[in-house]
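Input: a single structure, listed below in structure tokens.
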Amino acid sequence: MNLNRQNRYAFADGLRALAALWVVLYHLNEGQHVAQLTKFLGTFFTSLVFEHGNLGVPIFFVLSGFVMAITTESKKMGIKQSAQFMLRRLARLSPPYYIAMLLSLVVIGLKVKHGEPDAYWPSWSVILAHMVYLQGFLQYQQINVVFWTLCYEMQFYFVFSIFIYFISQRLPGSLAHWFMIFLMTIPALLWLVFVPHDAPVHSFVHNHLIFIYYWYAFCAGTLVGWCSNRGQLFQFYLIAFYGCLIVIGAVEYNLFAITAGLTSFIMHMAMKYKKMNSWLNYTPLQLLGLVSYSLYLIHNNITGAYGRIFRAFFGHSTSSDFMFMLSSVIVCFIAAYIMYTLVEKPSIKMSQKIKY
């Protein structure tokens, strides 16, 4: 595979690779594919390697904010440009997502055909809701358990496209500029601090997958992305923001907030000390980071199908679980590479034709 490093940061791709791998390991454990191995490893390593793999999601959210900030930095974003920004994100992400949806529907169809008790064919309303990323808001069951994050991502991009229009119209460093940055980011912290978990609004936002629930992670990434061309005051605000995430997360035992804060801190240090193209710059990680979106979308179906074949020959034991873990990661990577080549890479080229 040819690694084109133009307009990419090696450290960001490395983090993306680790986050994707962590999510894959999380779902291996959730699917009971490595039950004997986790018993052998014990509580600490099982918790670290497998059970907390869902913390790859806030890393993805921070990286999304970072990339969006970098790609729109120093651009005058009018209404037309903001609309084209959103259209470009849809063109970039939707084709692989739709192919992953199709794969998931094939898997569901096979399960229904073979009479698996927990399998059912989704209605057309459910499928259509997925196509416009509204399945979470409408409280439909996800066709694939990983698709819920795309509901948040699309809302992040939409809200960001509105804010970036107003922010780009203001002179950097002016009161109006700062006001718009505060207006975008402060509500994310207020939500974490002042909305109790048992409040009706908290339940509504959580159950309907509304963006404000994880907005803090995306905002943390945008602030890091903007920090290189801002003054000392902005650096202090960035540090205060991710510092608050870490402290609030520690007090509330909110591991998502802690992970978002720590990811932002590490990326800030990489930006500050000019290590974005040296840290995690290892070819295997860069390859995995390149196909991480495809890997994220299809790994659950791939590991499920591969697991049925593998277990027919090797059964369940600590050693076979370890073999399955390693081989399933390889199989998922191969499948993700194929999807990246045939679907994702063309969608990237198509999206790049949309200028803003």
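The values are calculated or read from the model by the stated rules, or taken from the named source; none is laboratory data. These numbers were taken from a predicted model, which means no experiment stands behind them. No Cβ is skipped: glycine too gets one built from the backbone with ideal geometry, and neighbour counts run over all protein chains shown. Remember, those area values only see protein heavy atoms, side chains included, never the ligands or the DNA or RNA. Shrake-Rupley method; radii C 1.70, N 1.55, O 1.52, S 1.80 Å.
Points worth noting:
- Listed by first and then second residue, the pairs with beta-carbon distance under 9 Å, at least 6 apart or on different chains, first residue in segment 204-227 and surrounded by fewer than 24 Cβ atoms within 10 Å (Cβ to Cβ), second of a type in the set (Lys, Arg), are 227/272.
- The listed residue being over 26 Å from the mean Cα position of the chain (by Cα) and either free of Cβ contacts under 8 Å to residues at least 60 places away in the same chain or part of a helix (DSSP H, G or I) (or both), out of 176, 188: 176
- Cross-chain or 6+ apart pairs with Cβ under 7 Å, segment 12-30 first and without any contact (Cβ under 8 Å) to a residue 40 or more places away in the chain, then of a type in the set (Val, Ile, Thr): 29/38
- The residue that is nearest to residue 28 (Cα to Cα), counting only those in segment 288-317 that are of a type in the set (Val, Ile, Thr) and surrounded by 15 or more Cβ atoms within 10 Å (Cβ to Cβ), is 303.
- Across segment 246-265, the qualifying residues are those that are hydrophobic (A, V, I, L, M, F, W, C) and under 18 Å from residue 16 (Cβ atoms), and the one among them that is least open to solvent (accessible area, probe 1.4 Å) is 260.
- Summed over segment 139-173, the residues that are touching a Ser or Thr at 6+ places or on another chain (Cβ under 8 Å), over 19 Å from residue 71 (Cβ atoms), in contact (Cβ under 8 Å) with a residue 24 or more places away in the chain and open to solvent by 10 Å² or more (accessible area, probe 1.4 Å) give a count of 1.
- Qualifying positions in segment 174-200 - modelled with pLDDT under 95, within 21 Å of residue 232 (Cβ to Cβ) and open to solvent by 80 Å² or more (accessible area, probe 1.4 Å): 175, 179
- Some residue of segment 47-54 being in contact with a Leu (Cβ under 8 Å, 6 or more places away or on another chain), open to solvent by 40 Å² or more (accessible area, probe 1.4 Å) and either among the aliphatic types (A, V, I, L, M) or touching a residue at least 60 places away in the same chain (Cβ under 8 Å) (or both): yes
- Filtered residue count, segment 116-138, keeping only those that are of a type in the set (A, V, I, L, M, F, W, C), out of contact with any helix residue (DSSP H, G or I) (no Cβ under 9 Å at 6 or more places or on another chain) and open to solvent by less than 60 Å² (accessible area, probe 1.4 Å): 2
- Answer residue from segment 260-307, given it is part of a loop (DSSP other than H, G, I, E, B) and basic (Lys, Arg) and is farthest from residue 143 (Cα to Cα) among those: 274
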